[in-house]
Amino acid sequence: MANFSIDIQNLVKYHGGTLAVDNLSLTVRRGEFFSILGPSGSGKTSFLRLLGGFEEPDGGEILIEGRSMRGVPPHLRPVNLVFQSYALFPHLTVHDNIAFGLEMRGLSKGDIHASVQAVLAMVRLNGKSARLPSQLSGGEQQRVALARALVNQPAVLLLDEPLGALDQQLRQDMQVELKTIQEQVGLTFLCVTHHQEEALTMSDRLAVMHQGRLLQIGSPQEIYEDPATPFVAQFVGTSNQMTASLESVDGSYGVALGDLPRSPRLRVTSPEGVRAGRRVILILRPERVHISREHSEKGFDNSLPAHVQKAIYTGSEMHYLVQLSDRLSWKARVANSSSDEKHLQVGEAVFLSWNADEAKVLLA
Ligand code: ADP
Ligand code: MG
């Protein structure tokens, strides 16, 4: 048996003059929940369609369960695609929607019924098999679409923006639900989405895609804590960024002059093998920025004067937009840990402080 459920090497796909999938290589382990996270137009759907066999690649190789998919038509591939729109038959009941594919394959009535009951239990829709899609909530329709794919017992389930049609609250519930179902059935799930919270919440590992390329592959924590590029830092979660010039390097730390009016000296970690003189980008998450009225807070490597531009009360947190210069504002988040907290006001003079280890430094 192959080690990987999916093994892709140097995959290339053009749509006319557009390079939709650009030399993409990726391995997905058996039983893994893997997501491809990228903005609209980054090539996610094109990639899934290649896996499903709906389009042929212009280059590269796709192995699924160790078998080359070259020339294999969609219905003979060990995969099933769940569409964003669900594509349920509106005039068929839940049971018949799920049974449809099995009937096409000529299974006996008894076998079909048993299979449908089994997947209905998996997605927790047991009591609803006689309903029409229009009599179901959005989340339930989503689960019917999932059941319809699972009933074919594919080795790999491909999901294209599976929660895209759901509202925010339902979406969060279904993120947990989908991951639970995946763990129970033990299949490989390959999910593409533009929704970063979704990808972080559900995935064992994920890849960030941009302009047809995979920029970084890793666990949710690796991607969030240690973004490989400024784009990844910007797209996954929220990040503050500042360009700077590395003035001196001493071991794994350095001093950089920030691109602010008075070029403040900032203590930074120094990327390995990087010499003084290089341009760098500092990346700092809003929850790692310490915001205070007093300057000389002890124990911080860096502290910059700023003004509160916006103060937004979100219930669990205060979100501040803080102006460092005419051209640069950063975000800071502070947990509302007590009910009588004195929030900062718009216009107040404050200091933003952080330690060198809390900021990521990339070459500009
Ligand atoms: P995503 O799913 O990430 O939004 P797509 O795979 O749909 O991205 O599209 C990737 C790129 O390929 C986009 O620039 C899109 O306009 C282009 N594209 C996708 N499908 C076609 C097509 N059938 N013909 C021409 N261009 C296409
Ligand atoms: Mg798409």
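Quick check: from the Cα gyration tensor, does segment 115-162 come out rounded (a/c under 1.5), prolate or oblate?
Numbers: a/c = 2.48, a/b = 1.27, b/c = 1.95.
In terms of gyration-tensor shape, oblate.
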Legend entry - On Cα atoms only, tilt of 94-104 relative to the major axis of the chain in degrees: 60 degrees
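Take the cross-link list Lys331/Lys360; Lys44/Lys179; Lys13/Lys179 and give me the ones stretching past 18 Å between alpha-carbons.
On the way: Lys331/Lys360 16 Å; Lys44/Lys179 20 Å; Lys13/Lys179 30 Å.
Those over the limit are Lys44/Lys179; Lys13/Lys179.
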Legend entry - Surface/4 of the Cα convex hull for segment 30-179, nm²: 9.9 nm²
Legend entry - Folded to 0 to 90 degrees: helix 138-150 orientation relative to the chain principal axis, Cα: 60 degrees
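Please rank Met69, Met202, Met318, Met174, fewest neighbouring Cβ atoms within 10 Å first, as an exposure proxy.
Met318, Met174, Met69, Met202
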Inset, instruction - Please list, in chain and number order, the residues 5+ apart from Ser329 or on another chain whose amide H is under 5 Å from its amide H, with Hs placed from the backbone. - result: Leu324
Legend entry - Eligible aspartates and glutamates near Lys109 by straight Cα distance, threshold 14 Å, same-chain separation 8 or greater: Asp96
Inset, instruction - Go ahead and set up a Gaussian network model of the chain, Cα springs under 10 Å, then flag whichever of Gln169, Gln221, Gln241 fluctuates most. - result: Gln169
Inset, instruction - For Asn336, list long-range residues whose amide hydrogen, built 1.01 Å from N in the peptide plane, is under 5 Å from its own amide hydrogen. - result: Glu317, Met318
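Give the value in nm², to one decimal: projected area of the alpha carbon convex hull of the chain, averaged over all directions.
Working: hull surface 93.4 nm².
Quarter of the Cα hull surface area: 23.3 nm².
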Inset, instruction - Report, in degrees rounded to the nearest 10, the 0 to 90 angle that the Cα long axis of helix 168-185 makes with the longest principal axis of the chain. - result: 60 degrees
Legend entry - 13 Å beta-carbon shell around Gln172, net charge (K/R +1, D/E -1): -3
Inset, instruction - Return the whole-Å distance between the Cα centroid of segment 10-43 and the Cα centroid of segment 99-154. - result: 29 Å
Inset, instruction - Pop out the ³J(HN,Hα) list for segment 244-261 in order, Karplus 6.51 cos²θ - 1.76 cosθ + 1.60 with θ = phi - 60°, rounded to Hz; leave Gly and Pro as x. - result: 7, 10, 6, 8, 8, 10, 9, x, 8, 10, x, 10, 10, 9, x, 7, 10, x
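Read the figures in this text as sums done on the coordinates, not as results from a lab. Just so you know, these numbers come straight off a predicted model, no measurement behind them. Quick reminder, even Gly has a Cβ in these numbers, built from the backbone with ideal geometry, and neighbours come from all protein chains shown.
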